[in-house]
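Throughout, read-outs are computed from the coordinates displayed, never taken from laboratory work. Not measured: the values here are computed from a predicted model. Ideal geometry is used to build each Cβ from the backbone, glycine not excepted, and the neighbour counts take in all protein chains shown.
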Amino acid sequence: MGYEFKCRDVGMNCGFEVRADRMEDLMPVLEAHAKHSHGMEKIPPDMMEKAKAAIKQF
Ligand SMILES: [Zn+2]
């Protein structure tokens, strides 16, 4: 059981995927990716909402 996020699921043309056992482990990876790959110094609140909605549990 864990959490999965795919950039595609928020409409990004990007093959990035991340899986983690805990939400707290997933978010820093996601934020670092958004910063380095998408130039988001900080994830805007609307994008953060989208991202959280796109995180799937498996
Ligand atoms: Zn991405």
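Key figures
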{"item": "Separation of the PHE16 and LYS50 label points, Cα + 7 Å toward Cβ, nm", "result": "1.3"}
{"item": "The chain, relative contact order in percent, only Cα pairs under 8 angstrom and at least six apart counted", "result": "43"}
{"item": "Rounded, prolate or oblate (a/c below 1.5 giving rounded, otherwise prolate when a/b exceeds b/c) for the range 3-57 by Cα gyration tensor", "result": "rounded"}
{"item": "Highest-MSF residue in the chain out of GLU31, GLU41, GLU17 [GNM, Cα springs under 10 Å]", "result": "GLU41"}
{"item": "Backbone HN-Hα couplings from phi across the range 36-53 [Karplus 6.51/-1.76/1.60, Hz, Gly and Pro as x]", "result": "7, 9, 10, x, 8, 4, 9, 6, x, x, 5, 5, 4, 4, 4, 5, 5, 5"}
{"item": "Size of charge dipole - the range 3-57 - debye, nearest 20, with Cβ of Lys, Arg +1 and Asp, Glu -1, no other charges", "result": "120"}
{"item": "Furthest towards positive pole of dipole, PHE58, ALA20, PRO45, structure part the range 19-58, Cβ charges", "result": "PHE58"}
